[in-house]
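In what follows, a single structure is set out as structure tokens and then discussed.
The values are calculated or read from the model by the stated rules, or taken from the named source; none is laboratory data. Keep in mind that what you see is a predicted model, and the values were worked out from it rather than measured. When we count neighbours, we look across all protein chains shown, and the Cβ atoms used for this are built from the backbone with ideal geometry, even at glycine.
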Amino acid sequence: MRIWSVLLISLSLVCPSAFGQTTASPSAAASQKSRNVIYITWDGFRWQEMFGGAQEILIAKDAGVADVEGAKQRYWRETDVERREVLLPFVWKTIAKRGQIFGDPSANAAAKMENTHKFSYPGYSEMFCGFADDKGIDSNKKFPNPHVNVLEFLNRRPGFEKRVAAIATWDVFPSILNQERSGVYVHAGPGPIPGNSLTDREKMLNEMIADTVVLWPDNQMDVITMQVAREYLLKHKPRVLFIGLGETDEWGHGRRYDRYLHAANRSDAFVAKLWELLQSLPEYKDQTSLVLGCDHGRGSTIRDWTDHGAKVEGAEFVWSAVLGPDTPALGVRSDVNATLSQIAATLATLVGEDFRAASPKSAAPLADVVKKLERQ
Ligand SMILES: [Zn+2]
């Protein structure tokens, strides 16, 4: 397994065009409208809130909610359909109606990770590389990922070169995505935006980065990540952009259910604004797919909803959502198996590329997220 990856990596370093030999079928790719893909993750955001909104048992002092009445007013509604809509209006009023959502256990469609660690680096590695490697990827330390990831693959494909970027709250992404080897632009963690030709807005963001109170030394605040990503998109017009948000996980670990909900609600609003922005730009309008997901779940009880990891029951469950011009409006998917490892090939498929041809260990794309797959 390692030998195969090393061979692939060596091959791509010596001869980047080797990756250029693998293409999706030309007819399939030509019929697709989507030329760009934006992938956004909400770290450690549970399926329980995704499909059911705020959970009654956790809107409580014991779950760290400072103002229980205020939180209820804001996020509690009688039915799960109302609750999830008030928490995540873009996901439920737009993506659920015009796209697809995976991971609803009540629809016989629970989605799971394949790695057994149930924490972030193994989760992100699985989703970006297309398979779990329990032995090789077993910590959150900053070690270079030995496996080829889908952003790296796309960054070497004709038409995508230097048009692939990752901007994230957590500072381990340069290692997870192997920035050095992959050549993918990665800006992650609490450091300033690098470069000599910054826009006025980027200069202002760097002042805010310098002056923001650091709550978690290895994380940026999500609001900064969002704005840095938005500015990067406007300035560089990437064809593939990953945006990794992280406060849902941090507030979860901090046992602040109110702030965990608020972080998710703000993340949903960010996605809504970004989608609106994309539809206002000719490079992106009607030719961009959007994918949302998470790296792991969390526990399900008042005691362990804050945690995840190998011993936390239920933290293996994840979810994902897809919206775009080639994605049939199937809404909440039912009777389907989905795994975190399918994200890598899904991202490539959405822009007409075949990640599995370059990385055979990678799982298949999520079923039926692109129309052409229905005909195969
Ligand atoms: Zn965590």
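General remarks:
- Taking the criterion of being in contact with a strand residue (DSSP E or B) (Cβ under 7 Å, 6 or more places away or on another chain) and more than 24 Å from ILE243 (Cα to Cα), the only residue of the stretch 294-332 that qualifies is LEU330.
Per-residue answers, yes or no, for (1) over 28 Å from GLY309 (Cα atoms); (2) touching a strand residue (DSSP E or B) at 6+ places or on another chain (Cβ under 6 Å); (3) crowded, with 23+ Cβ neighbours inside 10 Å:
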residue	(1), (2), (3)
ASP171	no, yes, no
ALA188	no, yes, yes
GLY191	no, no, no
ASP200	yes, no, no
LYS203	yes, no, no
ALA210	yes, no, no
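- Of all residues in the stretch 300-349, those being under 13 Å from LEU290 (Cα atoms) and under 18 Å from the mean Cα position of the chain (by Cα) number 11.
- Screening PHE90 with (1) of a type in the set (Phe, Trp, Tyr); (2) within 30 Å of ASN140 (Cα to Cα); (3) at pLDDT 95 or above; (4) part of a helix (DSSP H, G or I) gives one miss only, at (2).
- Against the conditions (1) within 13 Å of the ligand (Cβ to nearest atom); (2) touching a Gly at 6+ places or on another chain (Cβ under 9 Å), GLY244 satisfies every one except (2).
- Residues located in the stretch 138-159, provided they are surrounded by fewer than 20 Cβ atoms within 10 Å (Cβ to Cβ) and of a type in the set (Phe, Trp, Tyr): PHE143
- In the stretch 299-311, the residues that are within 14 Å of the ligand (Cβ to nearest atom) and of a type in the set (A, V, I, L, M, F, W, C): TRP305, ALA310
- Pair list, Cβ < 9 Å and 6+ apart or interchain, from the stretch 306-323 residues that are free of Cβ contacts under 8 Å to residues at least 40 places away in the same chain to residues that are assigned to a loop (DSSP other than H, G, I, E, B) and more than 16 Å from the ligand (Cβ to nearest atom): GLU313/THR301; GLY314/THR301
- Scan of the stretch 160-195 for residues that are assigned to a strand (DSSP E or B) and in contact (Cβ under 8 Å) with a residue 60 or more places away in the chain, ordered by number: VAL164, ALA165, ALA166, ILE167, ALA168, TRP170
- Of all residues in the stretch 117-129, those that are closer than 10 Å to GLY309 by Cβ have Cβ atoms under 7 Å from Cβ atoms of residues that are more than 10 Å from the ligand (Cβ to nearest atom), 6 or more apart or on another chain, in HIS117/ASP134; HIS117/ASP138; HIS117/ALA310; LYS118/ALA310; LYS118/VAL312; LYS118/GLU316.
- Residue check, GLY64 over 22 Å from the mean Cα position of the chain (by Cα), within 16 Å of the ligand (Cβ to nearest atom), at pLDDT 95 or above and more than 20 Å from ARG333 (Cβ to Cβ): yes
Quick grid of which residues meet (1) within 19 Å of the chain's Cα centre (by Cα); (2) under 17 Å from GLY352 (Cβ atoms):
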| residue | (1), (2) |
| --- | --- |
| CYS129 | yes, no |
| SER139 | no, no |
| ARG157 | no, yes |
| PHE160 | no, yes |
| ILE167 | yes, no |
| VAL172 | yes, no |
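- Qualifying residue in the stretch 271-286 (condition: in contact with a strand residue (DSSP E or B) (Cβ under 8 Å, 6 or more places away or on another chain) and under 21 Å from LYS118 (Cβ atoms)): no
- Residue ID - nearest to the ligand (Cβ to nearest atom), chosen from residues in the stretch 275-298 that are outside any strand (DSSP E or B) and closer than 14 Å to PRO89 by Cβ: TRP275
- For the residues ALA30, ALA96, ALA71, ALA24, the requirement of being of a type in the set (Gly, Ala, Ser), more than 16 Å from the ligand (Cβ to nearest atom), in a helix (DSSP H, G or I) and modelled with pLDDT under 95 singles out ALA30.
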